[in-house]
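Here is the structure we will look at.
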Amino acid sequence: MKISIKKKLTLGVGIQFLLILVSVAAGLVSVGLLTTDTENILRANYNSIEYCRHIGEAVDDVDHPAAAIQAFADNLEQQRLNVTEEGEQAYTDALAQNFSAFKANTIDPTLALQIRKNLNAITGLNMAAIQRKSNVAKQTASNSNILIGTVGTLSLVIALTLLINLPSSIADPIKEFTVSIKEIAKKNYAWRIDEDRDEEFGEMAKSFNSMAAKLQDYESSSLSKMLFEKKRIEALINKMHNPIIGLNEEQVILFANDAALKILNLRAGDLVGKQAQEATKTNDLLRTLLQGQLASSATIGAAKPAALKIYADNKESFFEKEVVQVTMAPAGESTEKYIGDVIILQNITPFKELDAAKTNFIATVSHEFKTPISSIKMSLQLLQNERIGLLNEEQQSLVQSIQEDAARLLKITTALLDLTQVESGQIKLSILPVEIAEIVQYALAATKVQAEQKDVGIALAIDPHLPLVLADSEKTAWVLTNLISNAIRYSYEHATVFVDAKREGDRLRVTVRDSGQGIAPQYQGKIFERYFRVPGTAKEGTGLGLAISKEFIEAQGGSIGMTSDFGAGSTFWVDLETA
Ligand code: ADP
C-alpha cells in the first residue's frame, strides 16, 4: 500500500500520541479501581468497626449513663445506615434490641456481655470483609500492573518500530535520489529509479525518470545530428576533386578523400587510423606527400615546395601541395592548440600546360626575333661605315637611336630566351670550383660604362683567402651583373654601390648594396616573381632579371635574397656553396 510521507508522519506521531493517551488512561483506570477498593473498605467496613468500638466504649462508660446512651444511639444509627455484609443486619438489629434494654439499664452486666457479643460479631464480619476486600484490591493492583505493563510494552514496541522505520523510510529514498542525480551528472542517462514507492517519492521518481528519458532522447538526437553533420562533411570532402588527407597531432591519418585514394592507388582501410610513418612504408607517393609531417611538423609552411609530378587522370599530372596546420582552442580555453594537419593537393596540370605553351611561344618568338635583330644591328654598323657613304648629323642621330633600340630589343629577347630555358628546365650548368673574385670582376667590367655614365662609384670589398665556390661562372656572372646593374640604375647620381664578398659559415656570400630609394615593404616579397616591377618604376626594364637570377642561383644549389630599407637603399645577397 502506498501512503504519503505526510500521512506516514501523521500516523507515526498520531500512534505515539494515542499510545500515550492509552497509557495515561490505563494508569488512571488502575488508580481509580484501587481507590474505589480502598474507599469501599473504609466506608463499608472500617466505619462499622469504628461504630462498634464507640458503642463498646459507651457501654463501658458506666459513670456517664446519659452520654453513653447518646453515644450508643448515635453510633447505632450510623451502623444501621452502614450495613454492608451478609448477616450484619441481623447482628445490627440485635444490637438495636440491646440498645432498647440499655436505655433502661446501663449497668446490666449480662446486657453488656450480650452487646459485646453482638459488637464482636459485627466487628468480626467486617474484619473478614476487610480481609476479603484487601485481597480483591491486591488482585486489582496486580491486574493494573499487568494492564500498564502490557500497554507500556506495546507502546515501547510500536515506538521502537516507528523509531527504526520512520526516519529510514524518508532518508533512504533521499539517499537513492542523491545517488541517481549524481549518475545523471555523470551523463549516465539510462539510469532509472523504481517508481513503486510512497506517494511523494513515487511522484518524484516519476519526474526523475521522465527527465532522464528526455535527456537520453536529447543526447541521442544531438548525437545523431552530429553524426549526420559529420557524414555530410565527409561526403563534401570526398566529393572534392582535390586530393585531401587529414592527420591528427600524433600523425595518425584521420581521413583521405576519394581523390587522394585514387592517386595513391590505396583503399581507405589501408590508410585511415594508421600512423603516417607506418603507412608510408609501402607507398612512395604517400611518403613524398607526408615528408614534411614525418620530418617535423614545425617546419611546415616554411618554403613552397616544387610541384609534384603524379600520374593521375591517365596522364602525367602536376600537383601543388599545401599543408594547413589546424589549431583550435579547446572548450573553455583561450590559447590555441595544434590538433593536426590537412594536406591538400591542388591539380595544377592545366596551368602547367598553359605555362609550357606560353614558354614555347616565347621561346619561338624570341628565337625568331634574334636573327632579324642581329641583321638590323649589322645593317646599322654598315650604315655607319664611312665607306658606304657619309651620313649627315640628323641621319647619324637616327641611326644612333635605332641602334639603342635594337640593343634593348636584343637584351629583352635574350632575357626572354634565358627565361624559357629556365622554365622548360633546360638550363645547362657547368658547375666547377671557381674564384668568386673573378666572377665579381667580370660583372664589374660589364657594368663599368653604366656606372661611369651615372657617376656611380663602386666600393669593392672582397675578403682575402676566400675559398673557391662551386658555381657556373657564366650564370653567376650574369646574376651579379644584373644585381650591380640594378643597384646602379636605382641609385641616385654620384652615389656609391658597395659590393662585398665574405665567408658565412660553410657558404660564401656576395652582397650588392645601394643607397637608392629602396623597395616598399609590400613589394619586397614579390620582386623575385616573373614580370614583376615595383609600380611607378620609371626606368625601362622587363621585370625578368631578378626572377631569372633566382632560378640560376637556386639551380646551382645556392640562394638569393634581399633586405631593403625603404627610402634608404637595398641590399641584395647571393649565397653560394664553397668547394
Ligand atoms: P627590371 O628589369 O625591371 O629591373 P628586375 O627583375 O631586375 O627587373 O627587378 C624587378 C623590380 O625590382 C624592378 O623593376 C625594380 O622596381 C625593383 N628593383 C630591383 N632592384 C632594385 C634596387 N636595387 N633598388 C630598388 N628597386 C629595385
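With respect to being of a type in the set (A, V, I, L, M, F, W, C) and either within 11 Å of the ligand (Cβ to nearest atom) or open to solvent by 30 Å² or more (accessible area, probe 1.4 Å) (or both), residue 497 fits the description. Please verify whether the stretch 553-567 includes one or more residues that are modelled with pLDDT under 95, near the ligand (Cβ under 7 Å from one of its atoms), in a loop (DSSP other than H, G, I, E, B) and more than 51 Å from the chain's Cα centre (by Cα). No: zero hits.
What do you reckon, is residue 542 open to solvent by 40 Å² or more (accessible area, probe 1.4 Å), within 9 Å of the ligand (Cβ to nearest atom) and touching a residue at least 60 places away in the same chain (Cβ under 8 Å)? Steps first, answer last, please.
Numbers: open to solvent by 40 Å² or more (accessible area, probe 1.4 Å): yes; within 9 Å of the ligand (Cβ to nearest atom): yes; touching a residue at least 60 places away in the same chain (Cβ under 8 Å): yes.
Yes: the conditions hold for residue 542.
Can you pull out every residue in the stretch 507-516 that is within 14 Å of the ligand (Cβ to nearest atom), open to solvent by less than 20 Å² (accessible area, probe 1.4 Å) and modelled with pLDDT of 95 or more? Within the stretch 507-516, 512, 514 qualify.
Looking only at residues in the stretch 319-331 that are closer than 23 Å to residue 348 by Cβ and open to solvent by 50 Å² or more (accessible area, probe 1.4 Å), which one is farthest from the chain's Cα centre (by Cα)? Walk me through how you get there before you give the answer.
Just the residues of the stretch 319-331 that are closer than 23 Å to residue 348 by Cβ, to begin with: 319-325.
Still in the list and also open to solvent by 50 Å² or more (accessible area, probe 1.4 Å): 320, 322, 324-325.
Working: 320: 36, 322: 30, 324: 24, 325: 21 Å.
It comes out as 320.
The condition of being farther than 22 Å from residue 219 by Cβ and surrounded by 13 or more Cβ atoms within 10 Å (Cβ to Cβ) holds for only one of 199, 183, that being 199.
Quick grid of which residues meet (1) in contact with a Phe, Trp or Tyr (Cβ under 9 Å, 6 or more places away or on another chain); (2) free of Cβ contacts under 8 Å to residues at least 12 places away in the same chain:
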| position | (1), (2) |
| --- | --- |
| 310 | yes, no |
| 319 | no, no |
| 324 | no, no |
| 329 | no, yes |
| 335 | no, yes |
| 344 | no, no |
| 352 | yes, no |
| 356 | no, no |
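For the stretch 418-443, the tally of residues that are open to solvent by less than 80 Å² (accessible area, probe 1.4 Å) and either more than 30 Å from residue 463 (Cβ to Cβ) or within 16 Å of the ligand (Cβ to nearest atom) (or both) stands at 9. Whenever a residue of the stretch 510-532 is closer than 27 Å to residue 494 by Cα and polar (S, T, N, Q), its partners that are within 7 Å of the ligand (Cβ to nearest atom) and in a loop (DSSP other than H, G, I, E, B), lying with C-beta atoms within less than 9 angstrom and at least six residues away or across chains, give the pairs 517/490. Of the candidates 446, 459, 415, the single residue that is of a type in the set (Gly, Ala, Ser), open to solvent by 30 Å² or more (accessible area, probe 1.4 Å), in contact with a helix residue (DSSP H, G or I) (Cβ under 7 Å, 6 or more places away or on another chain) and under 27 Å from residue 509 (Cβ atoms) is 446. The residues of the stretch 517-538 that are in a loop (DSSP other than H, G, I, E, B) and more than 7 Å from the ligand (Cβ to nearest atom), listed by number, are 520, 525, 526, 528, 529, 530, 531, 535, 536, 538. The residue pairs whose first member lies in the stretch 256-274 and is closer than 16 Å to residue 346 by Cβ and polar (S, T, N, Q), whose second member is in a loop (DSSP other than H, G, I, E, B) and modelled with pLDDT of 85 or more, and whose beta carbons are closer than 9 Å, counting only pairs six or more residues apart or on different chains, are 257/240; 257/242; 257/243.
The values are calculated or read from the model by the stated rules, or taken from the named source; none is laboratory data. Bear in mind the structure is a predicted one, so any value in this text is a computation, not a measurement. Note: ideal-geometry Cβ built from the backbone for every residue, glycine included; neighbour counts use all protein chains shown. Heavy atoms of the whole protein, side chains included, go into the accessibility calculation; ligands, DNA and RNA do not. Shrake-Rupley method; radii C 1.70, N 1.55, O 1.52, S 1.80 Å.
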